[in-house]
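The next block holds one structure in the form of structure tokens; read it before the comments.
The values are calculated or read from the model by the stated rules, or taken from the named source; none is laboratory data. Predicted model, so just to flag it, every value in this text is computed and none were measured. Neighbour counts run over all protein chains shown; Cβ positions are idealised from the backbone, glycine included. Surface accessibility is based on the protein's heavy atoms, side chains included, excluding ligands, DNA and RNA. Shrake-Rupley method; radii C 1.70, N 1.55, O 1.52, S 1.80 Å.
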Amino acid sequence: MGRILVRGGHILSMDPRIGILEQGDILIEDGVIAQIAPSIPVTDAEIIDATDHIVAPGLIDTHRHTWQALLRGLATDMTTSEYLVRVRFGISRAYQPADIKLGNTLGALDALNGGVTTILDFSHSINTPGHADAAVEGLRDSGIRAVFGYGFFESSPDSPTYFPDVAGRVKDFNRVADTYFSSTDGPLRLGVSLTEPAGVPFSTTRAEIEAARSRDAVIVTHTGSMHSLPSGVRELDAGGLLGPDMVHVHCTALDDEEWTVIARTGGKVSIAVEPELNSGLGRPPFAACERHGIKPTLSCDSLCSTPGDLLSQLRFGLGFRRWENNEAANLAGKDPASLNITAEDALRWSTVNAAEAINLGDRIGSLSPGKQADLIIVGGAAVNQHPRINAAGTLLAHTTAAEVRHVLVGGKVVKRDGVLLSAQLPKLLDEADRATADLLARADALPHELPKLLRNGFSAEQAMANLRDATPQHN
């Protein structure tokens, strides 16, 4: 790939050994950061002029339903239960492999456009082996770095259309692992998206987790995201199935004992601030993470209700966390003397914390020599970027996707001068508009079939029955 010199930028490294350089250079060799210094005198490299720009690590999203990019805006006014009925167990059944590929490509490009260079793709519309192939191919074609979370979810759980049981899905998961993930050197890594433990028999949950660990796959799961259903945390713990390879999403309904279990087992947490506030999931659990010593990470969640750039989520998260910290003083008629969380602290949620959560902390998450050159260059002539007094503050409070001027993934430029370099645009956008119209028409023509767990509202009794066969079986 040769050499690239990013010259003269205001560097937010997120590496405590390097810190912040008000003006500095970054030398990239064969996709890896080779050197960071105030000035690097080289003449045999492609120059990217970052003068008057901020240079920061690429952002990392720890929970994104990328396939739902074709449904943008559909669920903006839905509760979580309405989303489950309409999308998860409704429209998902109408998705064809071509829709999955198109959605993943479009959703990944949306991420890149906003400076998100890595996603944990929670891919829970794998209706056939063809859907799994299409999902991987869509990510690959976009140029993003991703952990592909193979979803064991069944869109028609009471009458499966292709996979008769969990054994069939495990077999296909292993096929996908052998076909696409025999090497760990590329930008795509293997993961597993668990079915919610309360939604299936516990023996199914155990089989999904064991399949993931047989392949050293990162595990992501919705944990304690519904207040009307049990989380399954105690049962998973009793079965010896929790561990540091798990990213627990939402966690808004967990009690303190369950939080203690997550912390004790080394679990990671992904907070989707905007969806949690908007769809009735509850309080984003920053305070619980702090109480239990868990490093929070952020996610965009569902693209059918949330924008695809993490900068929006960082703003939401920082504002919510500060409000939460100051609420008691405000209610007591007092004003805070200072803020106990900074913009740079918040940026850590979607850089170093997120990289650790998806087991890529040694490769991405900070601008450090030896790590992959995943970085964003932000600034330009936009009025909201000048003057730049506090780089982290400018990045979080005053930056949109339009001000993300350059994006590099593994040293490869995927956005230059504010324009995505994908050859698929704008044809891809026209395809998406047509595909979504066809998709929704097919979905409307399907028989209305809700799984037993959702009929007449959520059934806690059925959920508890699913967890009853949990038996202690420690590794």
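At-a-glance table
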read-out: Sorted peptide list for 197-209, 320-332, criterion being average Cβ within 10 angstrom, highest first; value: 197-209, 320-332
read-out: Cα shape, the range 318-383, gyration tensor, a/c 1.5 rule; value: oblate
read-out: Fully extended contour minus Cα-Cα distance, from residue 185 to residue 381, at 0.36 nm per residue; value: 66.8 nm
read-out: Those trypsin sites (Lys or Arg not before Pro) in the range 83-150 that DSSP places in a loop and that have at most 13 other beta carbons within 10 Å; value: none
read-out: Spin-label zone in the range 376-396 - amide nitrogen under 14 Å from a point set 7 Å from the Cα of residue 20 along the C-beta vector; value: 388-396
read-out: Calculated P(r) tail over 17 Å for the range 127-186, as whole % of Cα pairs; value: 41 percent
read-out: Cβ-placed point charges (K, R +1; D, E -1), dipole of the chain about Cα centre in debye, nearest 20; value: 100 debye
read-out: Sulfur and carbon atoms: percent of accessible area, the range 295-375 [1.4 Å]; value: 49 percent
read-out: Test item: Cα-centred dipole of the range 290-443, Lys/Arg +1 and Asp/Glu -1 on Cβ, debye; value: 260 debye
read-out: Neighbourhood charge, 10 Å Cβ-Cβ cut-off, centred on residue 66 and excluding it, Lys, Arg +1 and Asp, Glu -1; value: -2
read-out: For residue 150, residues with placed amide H under 5 Å, excluding near neighbours; value: 191, 192, 193
read-out: Nearest-0.05 FRET efficiency for residue 264 and residue 329, computed from C-beta distance (R0 35 Å); value: 0.65
read-out: Normalised contact order of the chain, rounded percent, pairs of Cα under 8 Å and 6 or more residues apart; value: 22 percent
read-out: The range 86-178, accessible surface, carbon-and-sulfur percent (1.4 angstrom probe); value: 52 percent
read-out: Proximal charge balance of residue 260 [Cβ under 12 Å; K/R count +1, D/E count -1]; value: -2
read-out: Contour excess over end-to-end distance, with Cα ends at residue 400 and residue 79 and 0.36 nm allotted per residue; value: 112.9 nm
read-out: More than 21 Å apart - percent of Cα-Cα pairs taken over the range 205-362; value: 48 percent
read-out: Extension gain from residue 203 to residue 419, taking 0.36 nm per residue of separation minus the Cα-Cα distance; value: 73.0 nm
read-out: Distance histogram for the chain (every C-alpha pair counted, 10 angstrom bins, percent rounded to whole numbers); value: 4, 21, 31, 26, 14, 4, 0
read-out: Computed FRET value (nearest 0.05) for residue 52 with residue 156, which takes r as the C-beta separation and R₀ as 60 Å; value: 0.65
read-out: Calculated SAXS-style log₁₀ I(q)/I(0) at q = 0.25 Å⁻¹ - the range 381-438, Debye, Cα scatterers; value: -0.99
read-out: Mean Cβ count within 10 Å, highest first, over the residues of peptides 291-297, 388-394, 265-271, 338-344; value: 265-271, 291-297, 388-394, 338-344
read-out: Electrostatic dipole magnitude of the range 114-174 [Cβ: Lys, Arg +1; Asp, Glu -1; Cα centre; debye, to 20]; value: 200 debye
read-out: With eigenvalues of the C-alpha gyration tensor scaled by 5 and rooted, the range 308-347, Å; value: 23, 11, 5
read-out: Using θ = phi - 60° and Karplus 6.51 cos²θ - 1.76 cosθ + 1.60, couplings along the range 173-181 (whole Hz; Gly, Pro as x); value: 4, 5, 4, 4, 4, 5, 6, 10, 10
read-out: Contact order normalised by residue count of the range 11-78, Cα under 8 Å, 6+ apart, percent; value: 28 percent
read-out: Surface per residue (accessible, 1.4 Å probe) for the range 270-365, Å²; value: 40 Å²
read-out: Mean Cβ count within 10 Å, highest first, over the residues of peptides 24-31, 152-159, 71-78; value: 24-31, 152-159, 71-78
read-out: Directionally averaged projected area (convex hull, Cα atoms, the range 50-209), nm²; value: 10.7 nm²
